[in-house]
1. How would S366, S31 rank on accessible area, largest to smallest, probe 1.4 Å?
2. Provide the gained length on full extension for the span V165 to D133, in nm with one decimal, where the gain is 0.36 nm per separating residue minus the Cα-Cα distance.
3. Take the Cβ-Cβ distance between Y92 and Q185 as r, set R0 to 30 Å, and report the resulting FRET efficiency rounded to the nearest 0.05.
4. Could you work out how far apart the two model spin labels at L336 and I210 are, taking each label as a point 7 Å from the Cα in the direction of the beta carbon, and quote it in nm?
5. What distance in nm lies between label points placed 7 Å from Cα along the C-beta direction at R513 and T289?
6. Report, in listed order, any pair from K466/K501; K77/K162; K77/K101; K77/K111; K75/K270 with a Cα-Cα distance greater than 19 Å.
7. Would you mind calculating the gained length between V217 and N418 on full extension (0.36 nm times residue separation, minus the Cα-Cα distance), in nm to one decimal?
8. How far apart, in nm, are two points set 7 Å out from the Cα along the Cα-to-Cβ line at D263 and at D119?
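The values are calculated or read from the model by the stated rules, or taken from the named source; none is laboratory data. None of these values were measured; they are calculated from a predicted model. So basically every Cβ, Gly included, is an ideal-geometry build from the backbone, and we count neighbours across all protein chains shown. Only protein heavy atoms, including side chains, enter the accessible area calculation; ligands, DNA and RNA are left aside. Shrake-Rupley method; radii C 1.70, N 1.55, O 1.52, S 1.80 Å.
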Amino acid sequence: MYKTFIQFFLILLTICKVQVLANEIVPLDLSTPRATMNYYLKNMKAYKLGNNLGLEYAIKTFDGSYLPESVREVKLKDYAQTLITVLDRIEYIDVKKIPKKPNTDIWYYRKSKVHVDGDDHQVEISLQKFERDEKIVWLFTEETTKSLYHYDLSLRGKQTAKDVVYSKSIKDRLKEYLPPWTFHQRFLLLNIHWILLIIITLISFVFDRIVRHYIAVKAISILKKRNISFTEKQQNRLTAPFGIVTFVYIFKTLCTWIDLPTDALVLIIKACDIIFAVAMIMILNELLTVICLYLEDKARDTENKFDDIIVPLVRKTARFFIFAVGIIFIGDALELDMKSILAGMGIGGIAFALAAKDTISNLFGSFTVLFDNPFTIGDWVKINDDIEGIVEEVGMRSTRIRTFYNSVLSVPNGTLINANIDNLGRRRYRRFNTNLGIDYATPPEKIENFCESIRQIIIAHPFTRKDNFQVYFNGMGASSLNILVYMFWEVPSWDDELHEKHKFLLDILKVARKHGINFAFPTQTLHVQKDPGVTYSPEEVNFEMSKQVAKSLENERWHAPNRSSIDRLK
């Protein structure tokens, strides 16, 4: 109940304050010199009494069309405050004496010469008739704002006129206590401006270092929790842009408070906006790097290699957009007409598309690789039977393949859309096909035992396919009896395949030694005979005898030479 009462009281107090302040603000009327001066004086009086809205309304009485848009509001507020200081020292203004309908388009409140720093300067306070939104309005002229600097210096030290409301502005009070030499001009600016710029620079530098240290501590603690290591150089690259943004923001904000000349303020604001845009590009780029490092670390922990492709692709795409948006902001800071530039790019879009059709094709090719996923990082691929190697990186324009000559081959992604891609890295089984040549003097029984031993090695091996292999006496070559070994490895990579093949071939050599098998090699035997040679006894053609010979071998032949292997599979 007590809290509710307090809240109601505060709301009521706020409403009353708003009502009081509203009564101090007069309706907008710029139709005559008298109305414009009255509107300006009433609002500045409200501002001097603590209503900041008064200053916001008072600047409507100035012609600011000649000022750059980036500093227009700031400079008009400075002019409004300086003008009221000048008027308060001249006299108490009776607005009834100001004409409603002057005979000319310019009405002069004051026009004279003042003596400042040994020179005479022409000054004036005038109102000019303008046409705005089909209405006639009277506004303080550009010559008035240009005269305020010398007018203010000429009246410095003079007391405020009688019956004038005394300003409560801290800025105005500080000016009264500053020595005269601070308002002397040196190197385009007043001495007080140089002093304040040095102070502002030091303040901005202090906040720069504080933010850098804070960001560094926070970043290191967060990255350590994510198991991401950062070098000191990478840490500086991450924290420096945050410090630059802080420095520029504070420096720019404080510079708008010290009544700098228009040209100097425009130059400072443009420089700050450009540096701010560049620093924001650096911040987003470094944050993107940190995020991608974290995602790459997570991708390495997953079995799905799709992440290994999408993370670099997202990094490059996001970086492109960051720099593109940054260039737009830099152009805006330079007050370039970015809308017209972008519209011009739209008009030339057709010509650009025709000129960059290969680039667009490569871009769509990268999306095809991303979503169709014909291969991943680390896969052994063969493209169109003429490109073979290991996939290292998939980019926006091309895919980089490390060939077996250790060279890097860039394949445009556009060619991958219609290419024949043989992904050897995704084979579930890797075929091994060879012929073992043994000596012609090897007895048939040894050949049977040797083949069966090889079958048992395949069955017992942990990384071979057990349901599809062949080991048979397969041919009689020019210098050897050939045994076919046809089998498959169930391994994930070529390195594992070589490793297991190495052990398998060593096992075959050991088995051959135990069975007394000699491997043959190409030889030629030259027989030199002095006798007539081998003679054959005459024999008649007798098919019945041939059948009896073949039948006699039925009991000797091993009808199921792979019987033990079949039993092992069962």
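1. Per-residue accessible area, sorted high to low, gives S31, S366.
2. So the extension gain works out to 8.1 nm.
3. Efficiency for this residue pair is about 0.45.
4. 3.6
5. Taking the two extended label points, one gets 5.7 nm.
6. K77/K162; K77/K101; K77/K111, as the Cα separations exceed 19 Å there.
7. Residue separation times 0.36 nm, minus the Cα-Cα distance, leaves 67.3 nm.
8. A separation of 1.2 nm, rounded to one decimal place.
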